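Notes follow once the structure below has been shown.
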Amino acid sequence: MSEAALRFDWRWLLPRRWPLWLALWLMRRLAARDYSSLLVFGTRLGDFARRLPLPQRRVVSRNLSLCFPQMTQFDRQRLLQQHFRESGVTLPETALAWFAPPKKLLELVRFEGIDVFDRLTASGRGVILLAAHFTTLEIGARFITAAREVHAVYKPSKDPLLSWFFRKYRGAVAASMIASDDIRAMVRVLKAGGAVWYAPDQAFRAKGAEMVPFFGIPVATNTATSRLARLTGAAVLPYFVERLPGTAGYVVRIGEPLQDFPGVDAIADTLRHHALIENEVRRLPQQYLWLHKRFKGLGQDYPDYYSRRYVEPGRRGTSHEQKH
């Protein structure tokens, strides 16, 4: 990490930045609370947000209808309510991930399959922990960096103050923070036998994007995992986190290395990742990050799924009549 990347800009202390500083201070205070009170706060926050006239409610509803077309409207509405509660808990979880000491975090989690991870890293082989965007994303990444030496891949913020915060403070609780577009840094770590936590499953329109089906719908996707494994010989291990009921905490499940990965085709490799995510989503649908516009920016050949003009199949017309 360069000194320039960590250089503090005194202009961040000007009044227009005070709301962000206040938010970070409140997050630090929140992390000091006991876990049960954080769950209550997060659940109530999610219920409150669901009742507001926010555009995110429509995004969640549209995602659920696209991915679960056979589900009844009643069941989708119930799932939407559950999802907002799970999403509300994400805020206090993020406070814990950023500010709580490792001991407090590790008391909340049980690992399954970490022996597989330890065996591979002890052999000197690089490891890609292949994660996905569930509501537990932030705390899930922090669990493994608290337990083992793991480099975390993150998407840089457009806000320079937040970017500085992520590099300085989040970087202090991981082996390093690697920007998601810094493939060279990932390759160096993996070739040296290091481990990288990586969640490349969000909408992706940069160079190298491919249209890969997710729940049967082609979406713009990052296929870099296949290339990273090919360049470095790293093992690719599925990495999923479950938020358990009540105050039971979390379980982190690290799977066995994907066999014959990478294959001959990056799209086929990415389809394997999507299949893993879909299986986990069907098991824990309320905990997937439905707030994200996974089906956005697909171009003129596809519907604008998040447009108010989009018509779902089975209602008026057909979905593919609605274009940008």
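Just a few scattered comments:
- Filtered residues of region 226-245 (kept if touching a residue at least 24 places away in the same chain (Cβ under 8 Å) and open to solvent by 10 Å² or more (accessible area, probe 1.4 Å)): Arg227, Arg230, Leu231, Thr232, Gly233, Pro238, Phe240, Val241, Glu242, Arg243
- Any hit, region 251-272, residues being buried (at least 22 other Cβ atoms within 10 Å of the Cβ) and under 25 Å from Phe68 (Cβ atoms): yes
- Taken together, the residues in region 76-124 that are in a helix (DSSP H, G or I), closer than 28 Å to Trp290 by Cα, of a type outside the set (A, V, I, L, M, F, W, C) and open to solvent by 50 Å² or more (accessible area, probe 1.4 Å) amount to 5.
- Scanning region 151-181 for residues that are open to solvent by less than 40 Å² (accessible area, probe 1.4 Å), under 16 Å from the mean Cα position of the chain (by Cα) and modelled with pLDDT of 80 or more, we see that the one that is farthest from Thr225 (Cα to Cα) is Ser157.
- Out of Glu242, Glu278, Glu256, sole residue that is among the acidic types (Asp, Glu), part of a loop (DSSP other than H, G, I, E, B) and at pLDDT 95 or above: Glu256
- Residue count for region 201-211 satisfying the condition of being surrounded by fewer than 22 Cβ atoms within 10 Å (Cβ to Cβ) and either in contact with a helix residue (DSSP H, G or I) (Cβ under 7 Å, 6 or more places away or on another chain) or at pLDDT 95 or above (or both): 2.
- Of all residues in region 117-138, those that are free of Cβ contacts under 8 Å to residues at least 60 places away in the same chain have Cβ atoms under 7 Å from Cβ atoms of residues that are assigned to a helix (DSSP H, G or I) and acidic (Asp, Glu), 6 or more apart or on another chain, in Glu138/Glu93.
- For Phe295, the requirement of being within 27 Å of Thr145 (Cβ to Cβ), in contact with a Phe, Trp or Tyr (Cβ under 8 Å, 6 or more places away or on another chain) and surrounded by 22 or more Cβ atoms within 10 Å (Cβ to Cβ) is not met.
- Extreme residue, farthest from Val212 (Cα to Cα), among residues of region 281-301 that are at pLDDT 95 or above and of a type in the set (A, V, I, L, M, F, W, C): Leu284
- Failed item in (1) hydrophobic (A, V, I, L, M, F, W, C); (2) modelled with pLDDT of 90 or more; (3) within 30 Å of Arg16 (Cβ to Cβ); (4) open to solvent by 20 Å² or more (accessible area, probe 1.4 Å), with Ala146 passing the rest: (3)
- The single condition from (1) surrounded by fewer than 19 Cβ atoms within 10 Å (Cβ to Cβ); (2) of a type outside the set (Gly, Ala, Ser); (3) under 27 Å from Trp290 (Cβ atoms) that Arg184 fails is (3).
- Contact map, region 191-203: first residue part of a strand (DSSP E or B), second residue open to solvent by 30 Å² or more (accessible area, probe 1.4 Å) and among the β-branched types (Val, Ile, Thr), Cβ cut-off under 8 Å, separation 6 or more or different chains; pairs are Ala195/Thr121.
- Any chance Pro218 is closer than 30 Å to Arg62 by Cα, modelled with pLDDT of 85 or more and either in contact with an Asp or Glu (Cβ under 8 Å, 6 or more places away or on another chain) or open to solvent by 20 Å² or more (accessible area, probe 1.4 Å) (or both): yes
The values are calculated or read from the model by the stated rules, or taken from the named source; none is laboratory data. Being a predicted model, the structure only gives us computed values, none of them experimental. Quick reminder, even Gly has a Cβ in these numbers, built from the backbone with ideal geometry, and neighbours come from all protein chains shown. Calculation scope for accessible area: heavy atoms of the full protein, side chains included, ligands and nucleic acids excluded. Shrake-Rupley method; radii C 1.70, N 1.55, O 1.52, S 1.80 Å.
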